[in-house]
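Input: a single structure, listed below in structure tokens.
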Amino acid sequence: MSASPAEPDSPALPWRDALKVYLEPATLRMLALGFSAGLPLLLVLGTLSFRLREAGIDRTTIGYLSWVGLAYGFKWVWAPLVDRLPVPPFTTLLGRRRGWLLLAQLTVIAGLAGMAFNDPRAGLAPLIWCALLVAFGSATQDIALDAFRIESAATRKQAALAAAYQTGYRLAMIWAGAGVLWIAAWAEIAGSAGYQNGAWKAAYLAMAASMAVGVVTVLLSPEPARVALPKAKNMGQWLEGALIEPFADFFRRYRWQAALILALIAVYRISDVVMGIMANPFYVDMGFTKDEVATVSKIYGVAMTLAGAFVGGVLSMRLGVMRVLMLGAVLSAASNLLFAGLASRGHDLTALVLVVSADNLAGGIASAAFIAYLSSLTNVSYSATQYALFSSLMLLLPKFIAGYSGAFVDAYGYHAFFVGTAALGVPVLLLVVLAAKKAPAQQQRAGPVAETAP
């Protein structure tokens, strides 16, 4: 069975055709669904850390609370259920992929509303439980959405879909980053200093309402053509097909190279993820206001990420994913050194613009190529489960290490922390080189290539 609708021997796309892919309906749908996927992440990690720091929560605690994000690292555990299990009445009305997408989006909305009504100063437990609900719903949405994306277009177009997904994702991060800070600043009572939970309540309720973008897109999108799966004769056979076969298929296809691929996936984004947990506390401690962070970090920065995602998508189709993976790895690690320089300058708005812009440009290039690379590794029969394994592995180690970021900053300071996160990117370069040598020639030349399952 073909792993995905690949075009194994076709030449590189002309520039005009490569660019026209971005106007196709499937690509535009991924733009909107990428927005729905990107909205919850900052609200349980990045923006939440700003909110908690402003409420007086110490950095070490904020670092540990980032382990809420480990829900994304363990989504492979329930991914087989999303891949195979129907959820009435959603599946009956919308189909397998869209049914799970809608259920996950409603879960995110409920969790965000709960976060809106809980004040961290009155106790962290209720807020964290709601954040976990958001993370669980968001991770489930990712599982179904990754499968939806992989099944919606040929392998040759996955880099463009990945870039559109990243564009929507980053637009959501503008809204979940800058938008939530602007709303919170606007809703503050004039003349009242310090933390105001009512302002954050208004901001989080606005974010919950913004999930309507994803809900409407799911309702209006066509269900991808369903892949015929072998019928199970009994529960044991069903469990084998749902839980064991997706992982066995991957190891059969890649054999000993699987270890190298999984190692690369596990560490590729480690510099960015570990650094990102302390970014907002860093801005607060450097004296930057909500408006400054919103404008610089969430507007200039995200705009540069959009540019990077577009460039990464086009370069991946023209030059091959592995070359762009190397470029992204180098830029992502190096950009963290710019934050180390910023830590010694204090409240310098111009420097913040330059540093954040460079960092996000590098992240956009790396993300577009990395998503296309992960997509090329999947078998369409197990797309949700296999992609969930890859994307979970991508976050598991970095999120775990990031939990200690606050304690590290408290002990050694921001400068040493940012230099350390840059050094974490060095092993990534070696793994990309090794993986590139073993990648199929087609993948190196013109983009991701689907393997063929036995």
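What Kirkwood hydrodynamic radius do you get for the range 65-135 when you take the inverse of the mean 1/r over all pairs of distinct Cα atoms, in Å?
On the way: mean 1/r = 0.0743 Å⁻¹.
After inverting the pairwise mean of 1/r, the radius is 13.5 Å.
Can you give the relative contact order of the range 15-446 as a percent, counting alpha carbon pairs under 8 Å and 6+ residues apart?
Working: 734 pairs, mean separation 117.7, N = 432.
The normalised contact order for the range 15-446 reaches 27 percent.
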Surface/4 of the Cα convex hull for the range 315-437, nm²: 8.8
Cut-off 14 Å between beta-carbons: net charge of the residues surrounding Ser335, Lys and Arg +1, Asp and Glu -1: -1
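Fewest first, what order do Arg149, Arg345 take by the number of other Cβ atoms within 10 Å? Could you put the intermediate results ahead of the total?
Values: Arg149 27, Arg345 12.
Lowest to highest Cβ neighbour count: Arg345, Arg149.
Evaluate 2.2 N^0.38 Å with N set to the residue count of the range 15-446, then give the Cα radius of gyration divided by it. Could you put the intermediate results ahead of the total?
Values: Rg = 20.8 Å, N = 432, 2.2 N^0.38 = 22.1 Å.
Rounded to two decimals, the normalised Rg is 0.94.
Each reported figure results from applying straightforward, stated rules to the coordinates on display, with no laboratory input. Keep in mind the model is a prediction, meaning the values are calculated, not measured. Positions of Cβ are backbone-derived with ideal geometry, glycine not excepted, and every protein chain shown enters the neighbour counts.
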